[in-house]
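Have a look at the structure below before the remarks.
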Amino acid sequence: MSRVIDPRRFPDFTDRRVVDRHMDRLDTHGVSRRDFLALASAGAVASVAAATMGMPAAAAVAPSGKLAFLTAFYRNEYNIILDKAFADATTELGFSGYVGLDGNFDSQLQLNQFEQQTAAGIGSAIFNLADGSPLPRIAKGAEDNKVYVGNVWDTLAWFTPFEAGDYYTLYAVPEEFAAHKAVTEELLKAVTEKFGGGDILGVTGSPGNWSDIARSGGRDAAFKEYPKTRLVDQLPGKWNREDALKTTEDLLSRHKDVVGIVAQNDDVAQGVIAALNAAGLRPGEDVLVVGADGTSLGAKSIAKGTQLATSANSPAYAAALFAGRIYDVTHGWQPRAAERMLNWRSLTTTKTNVEGYLKRFVDNGDVKPFDYRKISKVLHPDDWDPQAEVYPIDIEKHWQGIAKPQGWTVPKAYADARSNGEFERVRAQYADHYKIRFDGPSPYAKA
């Protein structure tokens, strides 16, 4: 015998007293009325669907729980900005808690931290890894304990969420080859115009790191268009100011006629600038410097004239994207295959457009740079907005130049998404929903 669902039997959630009564009876710590109403509506729909299929009930989705951000290190400004943005995003989205942990450049320590946090009952974790080696064990731990994880920046080459399982919900990074190629071109164009060309140095990140490989590839590709310039030497700056300063001092002792330096991120660029000053050279005049990431100090240095450009991916955006994903998957939304590995587009920032970047991302006071709630497809099923140019990762392009493990084959779900047009549909859908422009003002900015 079929059951008839009478919507008149549902609670009257237009009555504030009814909402408050239900929130008091349920574990809704950290949940706003607006979130409660969204989940109540979804629950009612789920109950109707369950009844029509003969199911006794539909289970309520668990709340987001506590999110842990496990970063390789806090020795640079990028991770400090990202940590604060995660705290803001998880608060806005109603997570029950947030913790940031320093891995001190030790991937084994990061794995241990994850296992400790899992034992303590976290609901999710986002990684910025010292290296990708612990990813398979992290993924297994996530699957065993039903903890959703995501990963930004370094990874294990050719290891994807598809091999890991459903709880590795997202790997996402800016498209670094094109971004660093563009910022290097700004440098090479400027030194060609100012000095007629000349010798260029590279101060890189950490050897073997994915982002270092990708950025170096983009940097090297830029030289093809500027034959009067040449990369004469490079050494690692390890993503932080102190190591980059020492490395730059070493490079400058070997090369006396340098006119430009490509730093692999803005924290490295700060070390480069300090070393130039110590050597009696004027950054921005005698030697031009570029970086990456769009940190506060990087943007301020561009405005000041000591740094020429950066490829700004906005550290806060990583927090927005990953916190939004974790919120959605812990509230019943399931990503398509093409949504499990994503790129976002960086903004090449120079003196011509740095003022707007400073206003939105640096000198913004309490004005948040992104609408963290609107990234959520659960909270905004019709008008969600990625707030950046986001698109699926091309695996072959992403790990280009890195040898595939023996026997590696393209994951079936990924291959199917490429062949059946899902990649193009996802890219088009994200482009269609992209309204709050990454290169525009904050959605909270006053007119």
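The values are calculated or read from the model by the stated rules, or taken from the named source; none is laboratory data. None of these values were measured; they are calculated from a predicted model. Heads up, the Cβs are rebuilt from the backbone with ideal geometry, glycines too, and the neighbour counts pull from every protein chain shown. These accessible areas exclude ligands, DNA and RNA; they are computed on the full protein's heavy atoms, side chains included. Shrake-Rupley method; radii C 1.70, N 1.55, O 1.52, S 1.80 Å.
Which FRET efficiency value, to the nearest 0.05, is calculated for residue 352 and residue 116 with the Förster distance at 41 angstrom and r the Cβ-Cβ distance?
Rounded to the nearest 0.05, the efficiency is 0.30.
At 7 Å along Cα-to-Cβ for each site, give me the label-to-label distance between residue 163 and residue 286 in nm.
Reported label-point gap for residue 163 and residue 286 is 4.9 nm.
Gain in length, residue 300 to residue 91, computed as 0.36 nm per residue apart minus the alpha-carbon separation, to one decimal in nm?
The residue 300-residue 91 span can extend by a further 72.4 nm.
On average, how much accessible surface per residue is there in segment 83-133, in Å², for a 1.4 Å probe, leaving out ligands, DNA and RNA?
38
Roughly what angle does helix 107-119 make with the longest principal axis of the chain, taking Cα atoms, 0 to 90 degrees, to the nearest 10?
20
Give me the angle, in degrees from 0 to 90, between the Cα long axis of helix 210-222 and the longest principal axis of the Cα atoms of the chain, rounded to the nearest 10.
50
So, in nm, how far is label residue 143 from label residue 420 when the simple model puts each one 7 Å beyond its Cα toward the Cβ?
With each label point 7 Å from Cα toward Cβ, the separation is 2.1 nm.
May I ask you to give the percent of accessible area on segment 193-332 that is carbon plus sulfur, with a probe radius of 1.4 Å?
Reported share for carbon and sulfur atoms: 48 percent.
Solvent-accessible area per residue for segment 144-184 at a 1.4 Å probe radius, Å²?
Accessible surface, normalised per residue, equals 28 Å².
How large is the accessible surface per residue of segment 337-392, computed with a 1.4 Å probe and reported in Å² as a whole number?
Dividing the accessible area of segment 337-392 by its residue count gives 39 Å².
What FRET efficiency, computed as 1/(1 + (r/R0)^6) with R0 = 51 Å and r the Cβ-Cβ distance, is obtained for residue 434 and residue 220, rounded to the nearest 0.05?
Efficiency, from the Cβ-Cβ distance: 0.95.
Going by alpha carbons, how many degrees (0 to 90, nearest 10) lie between the helix axis of 16-25 and the longest principal axis of the chain?
The two axes meet at around 80 degrees.
Please report the carbon-and-sulfur percent of the accessible area for segment 87-141; probe 1.4 Å, protein heavy atoms only, DNA, RNA and ligands left out.
Carbon plus sulfur share of accessible area: 46 percent.
How far apart, in nm, are the 7 Å Cα→Cβ label points at residue 363 and residue 253?
4.0
Could you check how much of the accessible area of segment 337-447 is carbon and sulfur, as a whole percent, using a 1.4 Å probe?
The nonpolar share, carbon plus sulfur, comes to 50 percent.
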